1. If you add up the charges near K14, with Lys and Arg at +1 and Asp and Glu at -1, over every other residue whose beta carbon is less than 11 angstrom from its beta carbon, what do you get?
2. Note the direction-averaged projected area, equal to a quarter of the hull surface, for the Cα convex hull of the range 9-100, in nm².
3. Can you give the net charge of the other residues whose Cβ lies under 15 Å from the Cβ of D70, counting K and R as +1 and D and E as -1?
4. Counting only the backbone N, which residues of the range 70-91 are under 19 Å from the spot 7 Å out from the Cα of D60 toward its beta-carbon?
5. If we count every other residue with Cβ under 11 angstrom of Q95's Cβ, Lys/Arg +1 and Asp/Glu -1, where does the sum land?
6. Tell me, what ³J(HN,Hα) does each residue in the range 93-98 have, in order and in whole Hz, if you take phi through Karplus 6.51 cos²θ - 1.76 cosθ + 1.60 with θ = phi - 60° and put x for Gly and Pro?
7. Looking at L44, L93, I63, which one has the Cα that reaches farthest to the positive end of the dipole of the range 9-100 (charges on Cβ: Lys, Arg +1; Asp, Glu -1)?
Amino acid sequence: MVSKVPIVAQRIRKVPSHFSWIDHRLVRDRHIENCSHAAATLYLFLVTVGDAKGLSYYGDTSITQRLSMDQSTLSAARANLIHAGLIAWKKPLYQVLALEEAKGEKPAPRTNMGNALSLGEILKMAKEGTS
């Protein structure tokens, strides 16, 4: 059995506290807006096939066949995701990275989906001028 070692150990993915395996910050913090369609497709594929730490060994041939991409589209999508800070790649290993906070922007305020907010959360939101 091959031992998988994370490429970027300090950014190992963890299952988000909400209900989805794909972190909502991908959309909320606008990371997805930095991705081409092919890059978003590759990202979804890598999240789906990765282990609990976001690691996978799928090769280019398998990925291009499963995603109906040619090699140049895959290479561009991979470069896009690396540049966006969403994955690391050291052939043959992919690592889906934990999301970082969006640069230069505050994340959208938390609403707790209709649940009550704690006093601390309310005060923090008031201090930051969000509602």
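Read the figures in this text as sums done on the coordinates, not as results from a lab. All values derive from a computational prediction rather than experimental measurement. As a convention, Cβ positions derive from the backbone with ideal geometry for all residues, glycine included, and neighbour counts pool all protein chains shown.
1. Summing Lys and Arg as +1 and Asp and Glu as -1 gives +2.
2. Its Cα hull, projected and averaged over all orientations, spans 5.6 nm².
3. Neighbourhood net charge equals +1.
4. In the range 70-91, the label zone of D60 (backbone N under 19 Å from the point 7 Å along Cα→Cβ) covers 70-83, 87-91.
5. It works out to a net charge of +4.
6. Residue by residue, the range 93-98 yields 9, 9, 9, 7, 8, 4 Hz.
7. The listed residue farthest towards the positive side: L93.
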